[in-house]
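Working notes, structure below.
The values are calculated or read from the model by the stated rules, or taken from the named source; none is laboratory data. Since the model is a prediction, treat every value here as computed from it, not as a measurement. Ideal geometry is used to build each Cβ from the backbone, glycine not excepted, and the neighbour counts take in all protein chains shown. The area values use the complete protein model at the heavy-atom level, side chains included, leaving out ligands, DNA and RNA. Shrake-Rupley method; radii C 1.70, N 1.55, O 1.52, S 1.80 Å.
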Amino acid sequence: MLITRFYSIFVPLNTQLMSALIKSSLARKVVMALSGLFLVFFLGQHFVINVTSVIAPDTFNSWSHFMGYNPLVQYVLQPILILGVIVHFVMGFMLELQNRAARGGVKYASYKGSANASWISRNMLISGAVVLAFLGLHFYDFWFPEMTYKYFGDNPENATRYLEETVHKFEPIWRTVLYIISFVLLALHLLHGFASSFQTMGVNNKYSSAIKTFTKVYAIAIPLGFILIAIYHHLNPITH
Amino acid sequence: MKLNLKIWRQKDATSKGQMVEYPLKGIEEDMSFLEMLDVLNEQLINKGEEPIEFDHDCREGICGTCSMQINGQPHGPDRLITVCQLHMRSFNDGDTIVIEPFRAKAFPVIKDLIVDRSAFDRIQQAGGFVSVNTSGNTLDANAIPIGKDIADTAFNSATCIGCGACVAACKNASAMLFTSAKVSQFALLPQGQVEATERVQNMVRQMDIEGFGNCTNTGACEVECPKGISLENIARMNKEYYKASLKG
Ligand code: HEM
Ligand code: SF4
Ligand code: FES
């Protein structure tokens with residue numbers, strides 16, 4: 001009842017708001033694809049830094065320190081990234097609402113979605129929502145403490161603290177497990193999303209099948225890498 | 001064969017409809033799905049009941065009118081066919097078959113299984129045409145050489161029969177496959193270049209106005225399309241659209 005009320009008020013509002021902001025459905029798709037691709041790129045960069053936490057701890061510390069104190073990263077790239085995430089998931093939710101409304105007032109009594117499309121492609125909102133929840137935890141774990149350390153209180157710049165703080169986070173098994181689950185869902189999100197964004201951008205040429213293969217490999221390899229690094233740190237705590 | 005049919009009945013566009021059960025006996029495997037409905041309708045008429053309204057015309061898979069959702073899939077379980085080409089041998093004795101109209105805000109139900117697909121006509125009218133000089137010096141179309149690959153691709157796009165299965169299958173009720181097929185058949189050919197910029201913009205605008213959803217590339221449309229129209233058409237339309245938008 002409440003949900004129907006919410007729908008009857010919110011959905012037309014949502015549709016109006018969206019067509020006022022971005023007029024064409026194709027433009028909305030581009031926003032989704034470009035913000036998604038941007039996040040994919042960021043994910044790769046984040047991964048490279050994380051790899052050093054296993055193979056080159058000193059590099060990890062100095063790169064983390066660089067990211068944390070370089071003004072370009074802090075005041076330009078970081079806000080763009082946060083904005084990119086917000087644009088992507090807000091747009092994702094709004095599109096989903098509009099798409100559900102497009103079915104009309106009466107839904108199918110029987111709808112066999114699995115007959116013609118993968119679960120992954122039909123449930124981008126679910127995998128996306130899990131990733132969003134994870135981002136919440138991630139911000140709570142790393143971003144807020146960093147911001148507090150740097151901008152509140154009188155803490156010294158210390159270029160060697162990062163590795164220990166990071167590894168420490170993976171000590172509890174629950175966090176490591178949550179981390180793993182989230183990255184499995186991110187992999188699912190990217191298995192559809194990464195290739196999908198090229199289709200959205202209208203890429204359709206002799207490289208298309210190579211692009212598809214690359215996106216699938218990336219979608220599995222990068223999240224798997226994050227998972228392995230988390231497990232590694234869980235199994236190798238730093239003790240004094 | 002003995003069947004248990006669950007069919008959407010709706011008196012007219014403004015009434016509320018509901019699913020009604022019809023047990024049916026004596027169906028031959030070689031009957032088409034529409035012939036099976038004909039048998040049911042004959043029985044209903046003999047009993048003095050209102051027959052089930054459904055669209056049909058050519059009964060050979062070329063007009064695209066015989067649109068309905070069968071057991072959760074447009075045109076039923078088989079691939080690359082319309083309902084008139086679906087045969088009862090695709091079902092088993094004793095099956096329950098759920099039959100509904102295509103569901104989309106842009107395809108309002110007129111009666112029972114018939115929906116109003118004039119939204120497609122309006123998309124087509126918004127730009128799915130080429131201007132031809134008919135003043136007397138009309139150029140013979142064959143005088144313009146066109147490579148076989150291009151001609152074949154354009155022709156494949158042109159085989160879209162406007163049935164609406166793509167919209168019905170899509171979880172977003174998006175009409176991108178239809179619209180992109182109609183854009184592609186002209187975008188690929190030299191005759192289509194004159195109106196290329198406005199065509200894609202106008203057709204996409206009309207598609208949005210009609211209230212279809214946004215494509216999320218699930219690919220359901222391509223699987224359910226009776227004519228095998230592929231997602232490549234959507235990529236092509238998107239590219240055409242961005243090109244047109246950059247030109248202004
Ligand atoms: C923050 C939570 C997130 C939510 C709620 C979310 C939601 C969605 C939804 C609903 C879609 C499907 C829309 C469509 O296909 O048009 C989508 C697509 C996509 N997402 Fe996400 N997502 C999130 C995070 C991410 C992240 C972290 C990445 C990359 C690392 C990502 C990459 C993509 C890509 C590449 C697409 C495909 C765009 C396209 O189809 O053109 N998403 N997202
Ligand atoms: S693209 Fe295929 S499914 Fe869609 S209207 Fe055309 S023929 Fe029917
Ligand atoms: S009746 Fe013409 S396609 Fe089925």
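For the peptide B:13-21, the mean number of other protein chain Cβ atoms found within 10 angstrom of a residue's Cβ is 1. Taking Cα pairs under 8 Å and at least six residues apart, what relative contact order does chain B come out at, in percent? Relative CO of chain B lands at 20 percent. Overall size of chain B from C-alpha positions, given as principal axis extents largest first: 61, 37, 34 Å.
All other residues whose Cβ lies under 13 angstrom from that of B:R199 are scored, Lys and Arg at +1 and Asp and Glu at -1, for a net of +2.
The mean number of partner chain beta-carbon atoms within 10 angstrom of a residue's beta-carbon across peptide A:22-34 is 5.
Loop-resident chymotrypsin sites (Phe, Trp or Tyr not before Pro) (DSSP state other than H, G, I, E or B) in region A:163-240 with no more than 13 further Cβ atoms inside 10 Å of their Cβ: A:Y207. Comparing B:V130, B:I144, B:N202 along the charge dipole axis of region B:117-247, the residue lying farthest to the positive side is B:N202, per the Cβ-charge model.
Taking a straight Cα-Cα cut-off under 15 Å and skipping sequence neighbours fewer than 8 places away in the same chain, the aspartates and glutamates within cross-link reach of B:K182 are B:D121, B:D152, B:E195, B:E198, B:E222, B:E232, B:E240. Sites listed here are chymotrypsin sites (Phe, Trp or Tyr not before Pro) in region B:80-183 whose DSSP assignment is loop and whose Cβ has at most 13 other Cβ atoms within 10 Å: B:F129. Taking the square roots of 5 times each eigenvalue of the Cα gyration tensor of region B:117-247, largest first, gives ellipsoid semi-axes of 25, 16, 14 Å.
Histogrammed with a bin width of 10 Å, the alpha carbon distances of region B:107-160 distribute as 17, 29, 31, 14, 8 percent, first bin at zero. Look at the stretch B:236-242: the mean tally of other chain Cβ atoms within 10 Å of its residues' Cβ atoms is 5.
Taking a Cβ cut-off of under 14 Å around A:K212, the surrounding Lys, Arg, Asp and Glu residues balance to a net charge of +1, with basic ones at +1 and acidic ones at -1. What you get for the protein assembly as shown, charging only the Cβ of Lys and Arg (+1) and of Asp and Glu (-1), is a dipole of about 720 debye around the Cα centre. Using only side-chain charges placed at the Cβ, +1 for Lys and Arg and -1 for Asp and Glu, the dipole size of region B:117-247 relative to its Cα centre rounds to 200 debye.
Measuring between alpha carbons in the structure, the pairs from B:K16/B:K239; A:K212/B:K227; A:K29/B:K227; B:K16/B:K171 lying more than 31 angstrom apart are B:K16/B:K239. Put a plus charge on the Cβ of each Lys and Arg, a minus charge on the Cβ of each Asp and Glu, and nothing anywhere else: the dipole of region B:3-111 about its Cα centre is then about 580 debye. Here, P(r) means the percent of Cα pairs in each 5 Å bin from 0 to the largest distance; for region A:31-161 it is 2, 8, 12, 19, 16, 12, 9, 7, 5, 4, 3, 2, 0.
Just need the relative contact order of region A:86-240 here, percent rounded to a whole number, with Cα pairs under 8 Å and 6+ apart. Result for region A:86-240 is 30 percent. Between the exposed loop cleavage positions of chain B, defined as trypsin sites (Lys or Arg not before Pro) in a non-H, G, I, E, B DSSP state with at most 15 neighbouring beta-carbon atoms within 10 angstrom, the longest gap is B:80-248. Split the accessible area of chain A by element, probe 1.4 Å, and carbon with sulfur accounts for 74%. If you take the alpha carbon atoms of region B:3-111 and fit the smallest convex hull around them, that volume is 107 Å³ per residue.
Note on chain B: antiparallel DSSP beta bridges, both residues inside, total approximately 80 percent of the bridges counted.
Based on the Cβ-Cβ distance from B:I146 to A:D154, what FRET efficiency comes out when R0 is 51 Å, to the nearest 0.05? Calculated value: 0.10.
Annotation: lysines with alpha-carbon distance below 24 angstrom to B:K2 (same-chain offsets under eight excluded): A:K112, B:K25, B:K47. Mean separation of Cα pairs under 8 Å and 6 or more residues apart, divided by the residue count, gives region B:3-111 a relative contact order of 35 percent. Normalised by 2.2 N^0.38 Å, with N the number of residues, the alpha-carbon radius of gyration of the protein assembly as shown equals 1.18. A protection proxy built from the mean count of other Cβ atoms within 10 Å ranks the segments B:139-147, B:160-168, most packed first, as B:160-168, B:139-147.
DSSP beta bridges confined to the protein assembly as shown are antiparallel in about 80 percent of cases. The residues packed around A:N116, meaning those with a beta-carbon under 14 Å from its beta-carbon, carry a net charge of +1 if Lys and Arg are +1 and Asp and Glu are -1.
Taking the centroid of alpha carbons for each part, region B:106-160 and region A:108-163 are 46 Å apart. Would you please state the base-10 log of I(q)/I(0) at q = 0.08, 0.09, 0.18 1/Å for chain A, with intensities from the Debye formula using one equal scatterer on every alpha carbon? Values returned for q = 0.08, 0.09, 0.18 Å⁻¹ are -0.39, -0.49, -1.48.
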